[in-house]
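Student: I'd like to ask you about the structure that follows.
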Amino acid sequence: MVTIDGKWTMEGLEPDNKNRIKSYKELTEFVNHIGFLPLFKNNIEGFSVEERTAAVSWWSGRKEDPWEWREIIAGEGKVAYGKLFNNKAGFVSGKWYPLFAAYRRDGYDFDSRYEDGLASRKCKKIIDVLTEYETLPSNKLKVMAGFGPGGEKGFEGAMTLLQMQTYITVRNFQRRRNRRNEEYGWPVAVYSLSEKLFGEDYVRSSYQVEAKAAKQEIIKHLLDKFPAASYEDMAKCIR
């Protein structure tokens, strides 16, 4: 994605390209096949939803709009979606999510991380609220965790960090409602603890793998899929 004349311009495929991904089901299948995939173009050529879909379909509101596919895929609860690649959005298959948790958490569940002084009070406030609820939309979570008007600052940064560390994930999207219970505006992300989506035992099933070894396994898998990319590019993309 590049900015031209002040507008976002997607760097995807032409609509008649036979290799483009044409539906959310095809995207889900591709993510499950490849293991994980950022949403937007990055430093690894071909490693994004953007580069594998029709450029004109984005934000079109049509059935083939990849921006809307992410809502459907997150809602199905089989593939993790969130800020998972260098603080940017993408997908990780259920099969690979435990290894990402091993890499990003380094064997710590959140409480242990906090007790060891490795997590901030801001992050703990978010985790404490999500522990009490199955899911919460971001606007409500923000207020309930004390980041509303006059409260704490840094909500977005804490949310990004918790997604990167795999403690929370996007569970769905929903539009806000006014006092007349009418929907309005863009859909907002609905979050949950990752353990509530995939199950505690499963998310933590690769904890025995050290963080460094998990990272190497993820990079090795990427190098198998994208042999032209450098190790440094791989490490940068998944950090």
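Student: Using only the Cα atoms of the chain, what do you get for the radius of gyration and for Dmax, in Å?
Tutor: For the chain, the Cα radius of gyration and maximum Cα-Cα distance read 18.2, 55 Å.
Student: Can I ask one more? So who's got an amide H within less than 5 Å of the one on Phe173, skipping anything under 5 residues away but keeping other chains? H placed 1.01 Å off N, in plane.
Tutor: Counting only residues 5 or more places away or on other chains, the set is Val190.
Student: When the convex hull of the C-alpha atoms of segment 97-239 is computed, what volume per residue in Å³ does it have?
Tutor: Details: hull volume 20.0 nm³, N = 143.
Convex hull volume per residue, Cα atoms: 140 Å³.
Student: Okay, moving on. For the cross-link pairs Lys18/Lys225; Lys95/Lys236; Lys63/Lys220; Lys18/Lys220; Lys83/Lys225, which exceed 24 Å when the distance is taken from alpha carbon to alpha carbon?
Tutor: On the way: Lys18/Lys225 20 Å; Lys95/Lys236 22 Å; Lys63/Lys220 35 Å; Lys18/Lys220 29 Å; Lys83/Lys225 22 Å.
Exceeds cut-off: Lys63/Lys220; Lys18/Lys220.
Student: Here's a follow-up. Per 0.36 nm of contour for each residue apart, how much would the distance between Thr9 and Lys63 grow if the chain were fully extended, relative to their Cα-Cα spacing? If you can, show how the numbers build up before the last one.
Tutor: Details: separation 54, 0.36 × 54 = 19.44 nm, distance 1.96 nm.
Computed gain between Thr9 and Lys63 is 17.5 nm.
Student: Mind sorting Ile219, Ile72 by how few other Cβ atoms lie within 10 Å of their own Cβ, fewest first?
Tutor: Details: Ile219 18, Ile72 15.
Going from sparsest to densest Cβ surroundings: Ile72, Ile219.
Student: Taking H as built 1.01 Å from N, whose amide H comes closer than 5 Å to the amide H of Phe36, not counting residues under 5 places away?
Tutor: It is Ser93, by chain and number.
Student: Over segment 149-229, what lengths in whole Å, largest first, do the semi-axes of the equivalent ellipsoid take, defined as the square roots of 5 times the eigenvalues of the alpha-carbon gyration tensor?
Tutor: Working: eigenvalues 234, 54, 44 Å².
The equivalent ellipsoid of segment 149-229 has semi-axes of 34, 17, 15 Å.
Student: What's log10 of I(q)/I(0) for segment 1-115 at q = 0.11, 0.19 Å⁻¹, Debye sum over Cα points only, no solvent?
Tutor: Relative scattering, expressed as log10 I(q)/I(0), comes to -0.39, -1.00.
No lab work stands behind these numbers, since they all come straight from the coordinates. Not measured: the values here are computed from a predicted model. Every residue, glycine as well, gets a Cβ built from its backbone with ideal geometry; the counts of neighbours run over all protein chains shown.
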